[in-house]
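Report on one structure; see the data block that follows.
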Amino acid sequence: MNQEDAVNRAIEDVVDLHRNRFTLLKEAKKPKIGWVTIYTPEEILLAAGVIPFRLTGEVGLNSTEPSAILGNNYCSYVLSCLGEGLAGVYDFADGIIFADACDMRKRLWEAWAREIPSNKSYFLEFPNDASDISKEYFASQLRKLIKILEREYECEITGEALRQSIKVCNESRTLMQRLFKNKKGERLALSGPESIQVVKAASTGMKESFNTKISALIDVLETAEQPPARDRHRVMICGSYFDHSEIIETIEGAGADFVCGDISNGVKYFEGNIDLNSDPVTAIADYYLEKNTSAYRLDTDVRVEHLLDLVEEYQVDSVIYYALKFCDTNLHDFPYVKEKLKEEKIPVLFIEGERNTTNFGGTKTRIQTFLEARMF
Ligand code: SF4
């Protein structure tokens, strides 16, 4: 097998975890709990012997039933997740955990609890800032969650079990940080769509398997001959839930590179690590609250600083700010973020879209025009 085939096979092996997630999850002899925000403490679920997997909404994209229940003015990530739930896609799961990450996900929890009672649902209070008092409060909410899981699964979630699950999740994050560093060179190790698929594979909850597969991918990439350098325009995407391969293909088709996604299917999911030397519950609470760079957190300046750090780290030339229709938090932040990026002379293209876009032509032309004006 030549090097290119070996790399492609290793990528496919990782991506298969996401592609085959329903079969793999159904086969696993462990309880499974779904989640809808990257602020869900997967470490605690893992310590209870539960597989924590993300709801992606991919199977519920075409259903009209969620709009009839929630209304049309909801973001299409929330509507598609509810569509999956109503269609029974998660009947194999023990339940779904929701967190107070934005208003729409709160409403999603209410609708889920009412319309899909066969799936147990749990709502986790999640403070909007990283102050000491918020961290203390969030740690108390995590202890409450631990007690519920212990009762439900007749287990004891010990400090040692938590430390072990933190170790496994830290390893996943560290490996993804290493893999995505391969993108910082002159040429990308993964294509844009592949990088999103890899993050989705990480969020299927099968952490050990993911760590083994991604280690194998990194080994193949690091021993492969380095491709020749290339100098292409470098684009970052930030904003709402993003899983839009057409947009990335348009960027790459125009001759630019998608180098960084400040999105939940991108670096946001695997930034930082949890301190293994502190009390595990406190360390988990601190980690999730300090990762306060999303639109629905209170301090927009923290988000802006984080974006500027990413621009520098990934040598970004321009930014595409993608907001799902009705994603109030991202729509509300946009004028301020744009102004701040403009002050740093970073061009920004704003796109408001839906997950299920049938008429992509107009967006495609806007991306091409935006990039061409900056590349030639
Ligand atoms: S896309 Fe926006 S509105 Fe929808 S769940 Fe995410 S943050 Fe909330």
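The values are calculated or read from the model by the stated rules, or taken from the named source; none is laboratory data. Computed from a prediction, not measured in an experiment: that's the story for all the values here. Don't worry about glycine lacking a Cβ; one is built from the backbone with ideal geometry, like all the others, and counts go over all protein chains shown.
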1 or more residues in contact with a Ser or Thr (Cβ under 7 Å, 6 or more places away or on another chain) and within 14 Å of the ligand (Cβ to nearest atom): qualifying helices (runs of 4 or more DSSP H) within the stretch 60-154: 76-86, 103-115
Can you name the number of the only condition in (1) within 16 Å of the ligand (Cβ to nearest atom); (2) surrounded by fewer than 19 Cβ atoms within 10 Å (Cβ to Cβ); (3) under 16 Å from the mean Cα position of the chain (by Cα) that residue 328 fails? (3)
Residue within the stretch 338-349 that is outside any helix (DSSP H, G or I), within 14 Å of the ligand (Cβ to nearest atom) and modelled with pLDDT of 95 or more present: no
Is at least one residue of the stretch 363-375 closer than 18 Å to residue 245 by Cα, without any contact (Cβ under 8 Å) to a residue 40 or more places away in the chain and outside any strand (DSSP E or B)? yes
Report, by residue number, each residue of the stretch 139-155 that is aliphatic (A, V, I, L, M) and crowded, with 16+ Cβ neighbours inside 10 Å. 139, 142, 145, 146, 149
Need the failing condition index for residue 23 against (1) β-branched (Val, Ile, Thr); (2) buried (at least 18 other Cβ atoms within 10 Å of the Cβ); (3) over 24 Å from residue 354 (Cα atoms), just the number. (2)
Among all residue pairs at least 6 apart or on different chains, which show Cβ distances below 6 Å where the first residue, located in the stretch 26-51, is in contact (Cβ under 8 Å) with a residue 40 or more places away in the chain and within 16 Å of the ligand (Cβ to nearest atom) and the second is among the charged types (D, E, K, R) and assigned to a strand (DSSP E or B)? 35/54
When residues of the stretch 1-15 are filtered for being in a helix (DSSP H, G or I) and either surrounded by fewer than 14 Cβ atoms within 10 Å (Cβ to Cβ) or without any contact (Cβ under 8 Å) to a residue 40 or more places away in the chain (or both), how many remain? 6
Counting only residues in the stretch 238-261 that are crowded, with 22+ Cβ neighbours inside 10 Å and within 13 Å of the ligand (Cβ to nearest atom), the one farthest from the chain's Cα centre (by Cα) is identified as 244
